[in-house]
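To keep things clear, I will list the structure first and then write my remarks on it.
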Amino acid sequence: MTEANTAPHPVVEELAQIRASVAEVLDERADLRRTHEVMVGAQGYDPRLHELLTAELGLLGLVVPEHLGGLGLDVGAATAVIEELGARLVPGALATSLTAILAGRAIGPSAEPLLARVVEEQLTLAVALAEDGAGWDLEQTATRAGGTGDEWALSGAKTLVAGAEAARVVLVTARDGGGGLGVYAVDRAADGVDVRTHMTLDQTRRLSTVHLREAAATRVDAPGGEGARVLLDHVRAMLALESAAAARACLDLTVGYLKVREQFGRPIGSFQALKHRCADLAVAVAGAGATAEHLVTTLRTGAATRSHDAALAKLVCTDALMTVAAEAIQLHGGIGFTFEHDAHLFFKRGKSAQLLAGSPPAVRAEVAALAGL
C-alpha cells in the first residue's frame with residue numbers, strides 16, 4: 001500500500017485536531033472535580049470556561065456556513081465537541097447551542113438569519129420543546145404564536161428546558177394561527193419572558209421552565225416545514241452522543257479503579273468475576289459508540305432515516321450509560337456508594353438523559369412506528 005493510500009483524509013485529520021484541542025482545554029479546566037464545584041454554584045456553570053470555548057476557540061461558529069460568518073466545517077466538528085463535553089459532564093449551554101446550530105443547518109435557508117446572529121453576537125442557545133400535559137409529543141404542543149412575517153408574539157409555558165440558565169436565545173416550538181407547528185427564536189431578555197431554573201436530579205444539567213407572555217419572537221423555520229421535528233431529532237442526537245461518550249468515560253473510571261484497588265494481595269480487576277462484568281460493560285459501550293457513529297453519518301448525509309436513527313440512538317446510548325453507571329457504583333464497592341463519588345454524577349446524568357426528549361417506553365413505541373413495525 002502506498003503512502004498516499006495510508007494518509008489520513010483531510011476532513012478526518014481536521015476533526016481529530018478539533019477534538020484534541022477541545023479535550024486539552026476540558027482536561028485542564030473541566031475535570032470531574034471542577035464539575036462538583038460548579039454544579040452547586042449559583043450560576044450552575046463556569047462562565048470563564050464558556051467564554052474560552054466560545055469567544056476564544058470559536059466553537060459556536062464551527063459548522064455555521066462560511067457565507068454566514070462561520071467556519072463551515074463538517075457536522076462531525078460539532079458532534080465531536082458534544083461528545084467531549086458529554087464525557088466530562090460539563091455543565092452549561094454549549095452542547096445545547098451546538099445542537100440548535102446543527103438543527104438550524106438542517107432546517108435550511110429560513111434559519112440563516114439566526115445562524116448569522118450566533119456568530120456575530122456569540123449567541124448561546126437553548127431548546128424548548130416539552131410542555132406540561134403534553135410532554136415531548138409535538139402533536140400536543142399548546143404554546144401559541146401570533147403574528148406574520150418577521151413579527152411574532154408567543155404565549156405559553158415550556159418545561160424541562162436544558163441550558164436556559166446560560167443561554168441568550170431560546171428556540172421554542174409553537175403553533176401559529178392556522179395550527180401549523182413552527183420553531184421560533186425568543187431572546188431570553190425580551191419582555192414577557194420569565195425563565196425559572198430548577199435544581200434537579202442531575203445537578204450537572206439544570207432544567208428550566210420558560211413562561212412566555214406575548215414575548216416577541218422571530219420564526220426560524222419556514223411555514224409548512226418540519227422544523228419542530230428537526231429540532232427534536234437533534235436534541236435526541238445530543239443526548240445519544242453525550243451518553244455514549246459518558247458511558248465510555250465511566251467505564252474507564254471503573255477499570256482504572258479495579259486496577260489499583262487490591263484485595264487478598266492483588267488488584268481486584270484480576271478477579272475473573274469482575275473481568276466478566278467489565279467485559280459485558282465494554283460490549284455495551286462499544287455498541288453505544290457504534291450507534292452514535294452511525295447517527296453522526298445520518299446527520300452528515302441528511303438521510304431520510306434521521307428521526308428513526310436519532311430516536312434509536314437515544315434509547316441505546318442512554319440505556320448503556322445507565323447500565324455502566326449503575327455497575328460502576330457496585331464495582332467501586334463501599335466508596336462507590338458514597339454520594340459524592342464521581343460514579344453518581346454519571347448515574348444521575350444517565351437517568352435524566354433517559355427521560356429527556358421522551359421516556360424510554362414512548363421512544364420505543366415511536367421507533368417501532370418509524371420502522372413500520
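The values are calculated or read from the model by the stated rules, or taken from the named source; none is laboratory data. Quantities reported herein were computed from a predicted structural model and do not represent experimental measurements. Cβ coordinates were reconstructed from backbone atoms using ideal geometry, including for glycine residues, and neighbour counts include every protein chain displayed. These area figures cover heavy atoms from the full protein model, side chains too; ligands, DNA and RNA do not enter into them. Shrake-Rupley method; radii C 1.70, N 1.55, O 1.52, S 1.80 Å.
Put simply, the range 247-334 fits an ellipsoid with semi-axes of 33, 10, 9 Å; these come from the alpha carbon gyration tensor as the roots of five times its eigenvalues, largest first.
Think of the range 326-366 as a dipole: +1 on every Lys or Arg Cβ, -1 on every Asp or Glu Cβ, centred on the Cα centre; then among 356, 344, 334, 356 lies furthest on the positive end.
For every other residue with a beta carbon closer than 15 angstrom to the beta carbon of residue 42, add +1 if it is Lys or Arg and -1 if Asp or Glu, then tell me the sum. For residues surrounding residue 42, the net value is 0. Sequence-ordered 3J(HN,Hα) estimates for the range 160-167 from the Karplus curve with 6.51, -1.76 and 1.60 and θ = phi - 60° stand at 6, 8, 7, x, 5, 5, 10, 8 Hz, glycine and proline given as x.
When Lys and Arg each count +1 and Asp and Glu each count -1, what net charge do the other residues less than 12 Å away from residue 69, Cβ to Cβ, add up to? Summing Lys and Arg as +1 and Asp and Glu as -1 gives -3. Screening the chain for DSSP H helices whose Cα atoms reach 27 Å or more along their own axis and whose mean Kyte hydropathy is at least -1.0 gives 10-29, 227-260, 272-301, 306-331. For residue 207, enumerate residues with amide H under 5 Å from its amide H, sequence gap 5+ or separate chain, H modeled in the peptide plane. HN-HN under 5 Å from residue 207: 198, 200. Which listed residue (70, 289, 154) has the Cα farthest towards the positive end of the charge dipole for the chain, taking +1 on Lys and Arg C-beta and -1 on Asp and Glu C-beta about the Cα centre? Farthest along the dipole direction, towards plus: 289. When only alpha carbons are used to place a centre, the range 97-154 and the range 21-47 end up 27 Å from one another.
Express the Stokes-Einstein translational diffusion coefficient of the range 83-155 in µm² s⁻¹, to the nearest whole number, given a Kirkwood radius over alpha-carbon pairs, 25 °C and a viscosity of 0.890 mPa s.
The calculation lands on 169 µm²/s.
Averaging Cα coordinates gives a centre for the range 313-373 and one for the range 239-296; these two points are 14 Å apart.
A protection proxy built from the mean count of other Cβ atoms within 10 Å ranks the segments 311-320, 248-257, 353-362, 329-338, most packed first, as 311-320, 248-257, 353-362, 329-338.
Treating each Cα of the range 289-373 as an identical point scatterer and ignoring solvent, apply the Debye formula and state log10 I(q)/I(0) at q = 0.16, 0.19 Å⁻¹. Debye output, listed in q order: -0.68, -0.84. Peptides 130-141, 339-350 ranked from most to least packed by the mean count of surrounding Cβ atoms within 10 Å: 339-350, 130-141.
Keeping the other protein chains in place, figure out the carbon and sulfur percent of the accessible area of the chain, with a 1.4 Å probe. On the chain, the fraction of accessible area on carbon and sulfur atoms equals 55 percent. Farthest toward the positive end of the dipole of the chain, out of 36, 142, 279, is the Cα of 279, where the dipole comes from beta carbon charges about the Cα centre.
Relative contact order of the range 157-299: what whole-number percent is it, with Cα pairs under 8 angstrom and at least 6 residues apart?
19
Sorting the segments 168-174, 235-241, 48-54 by their residues' average number of neighbouring beta-carbon atoms within 10 angstrom, most packed first, yields 235-241, 168-174, 48-54. Would you mind checking the range 112-146 for residues with the amide N under 16 Å from a putative spin-label position 7 Å along Cα→C-beta of residue 155? Correct set: 142-146. Taking 23 Å as the limit for the C-alpha separation, the pairs 314/348; 158/314; 158/351; 275/351 exceed it in the case of 275/351.
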